[in-house]
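Here's the structure, in structure tokens; my notes come after.
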Amino acid sequence: AQKITQTQPGMFVQEKEAVTLDCTYDTSDPSYGLFWYKQPSSGEMIFLIYQGSYDQQNATEGRYSLNFQKARKSANLVISASQLGDSAMYFCAMREDRAYDKVIFGPGTSLSVIP
Amino acid sequence: GAVVSQHPSWVICKSGTSVKIECRSLDFQATTMFWYRQFPKQSLMLMATSNEGSKATYEQGVEKDKFLINHASLTLSTLTVTSAHPEDSSFYICSAHYASGGFGEQFFGPGTRLTVL
């Protein structure tokens, strides 16, 4: 069964606008972590933001924030003030603490920022 | 942040040959490393978990005899694709588990692009 779902294969956003990338997950482990990674065309995986299942507040890192809705098992990434350099693939990922630190990835969303 | 390197960054080989890919954690020790495979326009698929000093744990559907993993030291894991065929052409990425980090994050290598002719 798919553990991570990203329903938006591709997204477009105007430069300087905000964009939300959706992610839902499925787990029965009460202790888990959620990650967002950016993968530009070069292929490198760039860590953006992390949210722990017990964290009370939504994570923020600069222009990135994570809208964590635990009951809905949702962890959407919000990018504010989009820049042309934000054009890339974005992956939502999850680590279940009982799964020995394995991280599994969602299918990804391709974001294109339009000037 | 912690740095993970991979070598080579790209390799082209003939069908039937074996290819070794190295993954090194440069400034930290990693008892656990992970190997992923990524086909074009697809996500990263976890192939195996590499544990220092013990056998690797393979994900379902991954042939352990074809993808040999060795984690001989706390800073080096190797993936050998044996008797490579064109369908093995892919982007292989390793990651190292940084246990001392606040949330035990993983750091990714830059990837190795394998093309089998």
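The values are calculated or read from the model by the stated rules, or taken from the named source; none is laboratory data. This one's a predicted model, so the numbers in the text were calculated from it and none came from an experiment. Neighbour counts run over all protein chains shown; Cβ positions are idealised from the backbone, glycine included.
Would the range A:14-26 turn up any residue that is under 15 Å from A:G85 (Cβ atoms), within 9 Å of the chain's Cα centre (by Cα), part of a strand (DSSP E or B) and not hydrophobic (A, V, I, L, M, F, W, C)? Give the steps one after another, and end with the answer.
Initially, the range A:14-26 is screened for residues under 15 Å from A:G85 (Cβ atoms), giving A:14-17, A:19.
Now drop any that are not within 9 Å of the chain's Cα centre (by Cα), which leaves none.
Looking through the range A:14-26, none of the residues is under 15 Å from A:G85 (Cβ atoms), within 9 Å of the chain's Cα centre (by Cα), part of a strand (DSSP E or B) and not hydrophobic (A, V, I, L, M, F, W, C).
Say we look at the range A:71-104 and pick out the residues that are part of a loop (DSSP other than H, G, I, E, B) and within 14 Å of chain B (Cβ to nearest Cβ); which of these is nearest to A:M11 (Cα to Cα)?
Taking the range A:71-104 and keeping what is part of a loop (DSSP other than H, G, I, E, B), we get A:71-73, A:80-83, A:87, A:100-102.
Among the residues that remain, those that are also within 14 Å of chain B (Cβ to nearest Cβ) are: A:100-102.
Numbers: A:Y100: 33, A:D101: 30, A:K102: 28 Å.
The selected residue is A:K102.
Quick one: is B:A84 surrounded by 18 or more Cβ atoms within 10 Å (Cβ to Cβ), modelled with pLDDT of 95 or more and farther than 30 Å from A:T109 by Cβ? If you could, list the steps in order and put the result at the bottom.
Numbers: surrounded by 18 or more Cβ atoms within 10 Å (Cβ to Cβ): yes; modelled with pLDDT of 95 or more: yes; farther than 30 Å from A:T109 by Cβ: yes.
Here the answer is yes, as B:A84 does meet what is asked.
Just the residues that are of a type in the set (S, T, N, Q), surrounded by fewer than 20 Cβ atoms within 10 Å (Cβ to Cβ) and under 21 Å from A:V103 (Cα atoms), please, taken from the range A:9-41.
Going through the range A:9-41, the residues of a type in the set (S, T, N, Q) turn out to be A:14, A:20, A:24, A:27-28, A:31, A:39, A:41.
Going one step further and asking which of them are surrounded by fewer than 20 Cβ atoms within 10 Å (Cβ to Cβ), we end up with A:14, A:20, A:24, A:27-28, A:31, A:41.
The answer is A:T24, A:T27, A:S28, A:S31.
Out of all the residues in the range B:69-103, which are more than 12 Å from B:Y36 (Cα to Cα) and of a type in the set (G, A, S)?
Within the range B:69-103, B:A72, B:S73, B:S77, B:S83, B:A84, B:S89, B:A99, B:S100, B:G101, B:G102 qualify.
Could you identify the single residue in A:S110, A:S87, A:S74 that is more than 30 Å from B:Q60 (Cα to Cα) and surrounded by fewer than 20 Cβ atoms within 10 Å (Cβ to Cβ)?
Values: A:S110 fails: more than 30 Å from B:Q60 (Cα to Cα); A:S74 fails: more than 30 Å from B:Q60 (Cα to Cα).
Just a single option satisfies the conditions, and that option is A:S87.
Identify all residues within the range B:6-34 that are in a strand (DSSP E or B) and either closer than 14 Å to B:V81 by Cβ or free of Cβ contacts under 8 Å to residues at least 12 places away in the same chain (or both); write none if there are none.
At the first step, the residues of the range B:6-34 found to be in a strand (DSSP E or B) are B:6-7, B:10-13, B:19-25, B:32-34.
B:Q6, B:W10, B:V11, B:I12, B:C13, B:V19, B:K20, B:I21, B:E22, B:C23, listed by residue number.
Residues that are out of contact with any His (no Cβ under 8 Å at 6 or more places or on another chain) and of a type in the set (D, E): does the range B:81-90 have at least one? Quick ask: steps written out before the conclusion?
Quick first cut of the range B:81-90, residues out of contact with any His (no Cβ under 8 Å at 6 or more places or on another chain) only: B:81-90.
Add one more test, that the residue is of a type in the set (D, E), and what stays is B:87-88.
Looking for residues that are out of contact with any His (no Cβ under 8 Å at 6 or more places or on another chain) and of a type in the set (D, E), one finds at least one in the range B:81-90, hence yes.
When you go through A:D26, A:D22 one by one, which is the residue that is more than 26 Å from B:F91 (Cβ to Cβ) and either within 11 Å of chain B (Cβ to nearest Cβ) or of a type in the set (D, E, K, R) (or both)? Lay out the reasoning, then the answer.
Numbers: A:D22 fails: more than 26 Å from B:F91 (Cβ to Cβ).
Just a single option satisfies the conditions, and that option is A:D26.
Quick one: A:V113 ticks every box in (1) away from chain B (no Cβ under 14 Å); (2) within 19 Å of A:Q8 (Cβ to Cβ); (3) of a type outside the set (S, T, Y); (4) within 14 Å of the chain's Cα centre (by Cα) except a single one, so which number is it?
All conditions pass for A:V113, except number (4).
Just need a number here: residues in the range A:50-70 that are within 11 Å of chain B (Cβ to nearest Cβ) and part of a strand (DSSP E or B).
3
Which of the strands (runs of 3 or more DSSP E) contained wholly in the range B:35-112 include at least 1 residues that are under 9 Å from the mean Cα position of the chain (by Cα) and free of Cβ contacts under 8 Å to residues at least 60 places away in the same chain?
Numbers: elements: B:44-51, B:67-73, B:76-81, B:90-97, B:106-108.
Those strands (runs of 3 or more DSSP E) span B:44-51, B:67-73, B:76-81.
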